[in-house]
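First comes the structure, then the notes that go with it.
The values are calculated or read from the model by the stated rules, or taken from the named source; none is laboratory data. Please read all numbers here as calculations on a predicted model, not as lab measurements. All Cβ positions, glycine included, derive from the backbone under ideal geometry; neighbour counts span all protein chains shown.
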Amino acid sequence: MDESIVRLAVIVLPIVLAITLHEAAHGYVALLKGDPTAQRAGRITLNPLRHIDPIGTILVPIVLYVGAVMINQPPILFGWAKPVPVDFSRLRRPKRDMLWVAAAGPAANLAMALGWGLLLRVAVGQTDTSWAGALALMAEAGIGINLLLMVLNLLPMPPLDGGRIMISILPDRLSMMFAQLERYGLPILIVLLATRTLEAILLPMLALAKAALLSLFF
């Protein structure tokens with residue numbers, strides 16, 4: 001079987017879990033803080049189909065992958081899921097609770113990265129390489145995608161989670177001004193991605209996060 005097909009099959013589960021639990025975590029914390037919007041929309045679920053965005057989850061990653069292959073460059077993993085609906089006005093303390101709702105997604109990715117790190121440690125310690133190799137590949141993919149989603153989403157730019165965290169912690173006047181950037185957030189990210197500036201920003205942080213995580217298990 002073609003090696004690329006095997007590798008793709010191995011990484012599907014980590015990617016699906018990373019996206020699904022990230023989005024479900026936002027909705028669950030919003031519910032805990034008083035907003036049932038995501039629950040009523042059926043978004044607090046482990047069903048990945050409820051979180052898939054046709055453009056951000058499917059089309060954009062495929063186009064980036066094919067484009068990178070055509071120009072013989074390493075593919076860039078980038079995309080997004082369907083945003084979980086949150087009515088911040090229904091939170092018990094809207095400005096303060098926004099921080100916890102926004103931080104829930106990256107926190108879920110960190111927890112999953114730690115879980116995959118533990119699984120990698122188990123796989124490396126096995127003598128039966130018939131399944132340990134595939135398990136190690138899956139764990140490595142789980143660590144990579146979850147740390148990538150965590151670091152990317154913590155960038156202080158709305159509508160990313162880091163931007164919403166900034167809106168929550170800034171003084172009211174600065175918070176309102178900063179929130180106006182949200183309408184330009186996605187175009188800015190696309191420009192940063194196209195110019196590979198986003199890659200230059202993320203790679204050092206991603207390498208540091210991965211080194212810190214692996215040091216816990218090895």
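Things worth noting here:
- Restricting segment 197-218 to residues that are surrounded by fewer than 13 Cβ atoms within 10 Å (Cβ to Cβ) and in contact (Cβ under 8 Å) with a residue 40 or more places away in the chain, the residue that is nearest to L147 (Cα to Cα): L216
- Number of the exception - Q126 against (1) modelled with pLDDT under 95; (2) over 22 Å from D161 (Cα atoms); (3) part of a helix (DSSP H, G or I): (3)
- In segment 131-181, the residues that are charged (D, E, K, R) and farther than 16 Å from H26 by Cβ: E140, D172, R173
- One residue alone among L155, L192 is buried (at least 16 other Cβ atoms within 10 Å of the Cβ) and assigned to a helix (DSSP H, G or I), and that residue is L192.
- Filtered residues of segment 31-57 (kept if assigned to a loop (DSSP other than H, G, I, E, B), among the basic types (K, R) and within 17 Å of the chain's Cα centre (by Cα)): R43
- Residue check for S175: part of a helix (DSSP H, G or I) and touching a residue at least 24 places away in the same chain (Cβ under 8 Å): yes
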